[in-house]
1. Compare W81, W123 by solvent-accessible area with a 1.4 Å probe and give them largest first, with all protein chains kept in place.
2. For K31, what accessible area in Å² do you get when you roll a 1.4 Å probe over the heavy atoms of the protein chains, rounding to the nearest 10?
3. So how compact is the chain: Cα radius of gyration and Dmax in angstrom?
4. Pulled fully out, how much extra length does the chain show between D60 and A144, if you take 0.36 nm times their separation in residues and subtract their Cα-Cα distance?
5. Per-residue ellipticity at 222 nm for the chain, helices alone: DSSP H runs ≥ 4 residues times -39500 (n - 2.57), over residue total, nearest 500 deg cm²/dmol?
6. Jot down the radius of gyration and Dmax of the stretch 1-93, Cα atoms only, both in angstrom.
7. How would L97, L40 line up by accessible area, probe 1.4 Å, largest first?
8. If the limit is 20 Å between Cα atoms, which of K85/K106; K85/K141; K106/K152 go over it?
Amino acid sequence: MTIDVPTLLLIFCINFIYITLNTIRFMLTMKGFRNLAPVLSVIEITVYVVGLALVLNRLDNVLNVMAYALGYGVGVRVGIWVEDKLALGYIMATVILPSTDTELPKLLRENAFGVTQSLAEGWEGERLVLDILTPRNQERKLYALVNEAEPKAFIITYEPKYISGGFWVKRVRNSRFKRR
């Protein structure tokens with residue numbers, strides 16, 4: 001069996017590119033990028049067909065299949081990394097504080113976070129609950145501020161599917177309009 005290094009690298013690179021594009025396109029689709037996701041899918045499928053043809057035409061060489069599989073795995077990892085760096089969309093954070101006497105809501109507002117606060121009853125008494133909607137690219141900053149001011153805070157985050165009314169509507173609507 002002859003080892004054709006340029007072909008192996010080509011197969012790896014093509015599948016790496018395909019899967020990276022696939023992962024990013026999937027994330028864009030989930031975030032509602034209705035025009036960008038289909039355009040990316042055209043490029044993605046073209047790369048896929050070329051890469052698959054290279055492997056299928058040389059199935060007698062197991063190294064080609066291994067290069068294809070390795071490109072797939074590395075592409076998934078890099079695609080996730082790229083999406084994490086892009087930090088598309090919004091998160092909703094619920095922060096439950098052990099004390100109602102805190103300056104955290106004020107600190108968050110001073111750092112441009114919209115905060116809705118309410119009192120709640122927990123297992124050990126009264127708690128302060130903060131609801132915070134923020135772009136995902138501000139998520140780490142939010143965690144750092146909360147953890148620095150209130151290390152015992154309980155934080156839950158999720159990605160809202162639909163946002164209507166309130167502080168963020170105009171900003172969210174404008175950013176969605178730009179994506180379409």
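The values are calculated or read from the model by the stated rules, or taken from the named source; none is laboratory data. Values in this document were obtained by computation on a predicted structure and should not be read as measured data. Note: accessible area is taken over every heavy atom of the protein model, side chains too, but ligands, DNA and RNA are not part of it. Shrake-Rupley method; radii C 1.70, N 1.55, O 1.52, S 1.80 Å.
1. Largest to smallest exposure gives the sequence W123, W81.
2. 30
3. 23.0, 73
4. 24.9 nm
5. Helix-only estimate at 222 nm: -19000 deg cm²/dmol.
6. 15.3, 56
7. From most accessible down to least: L40, L97.
8. In this structure, K85/K106 lie more than 20 Å apart at Cα.
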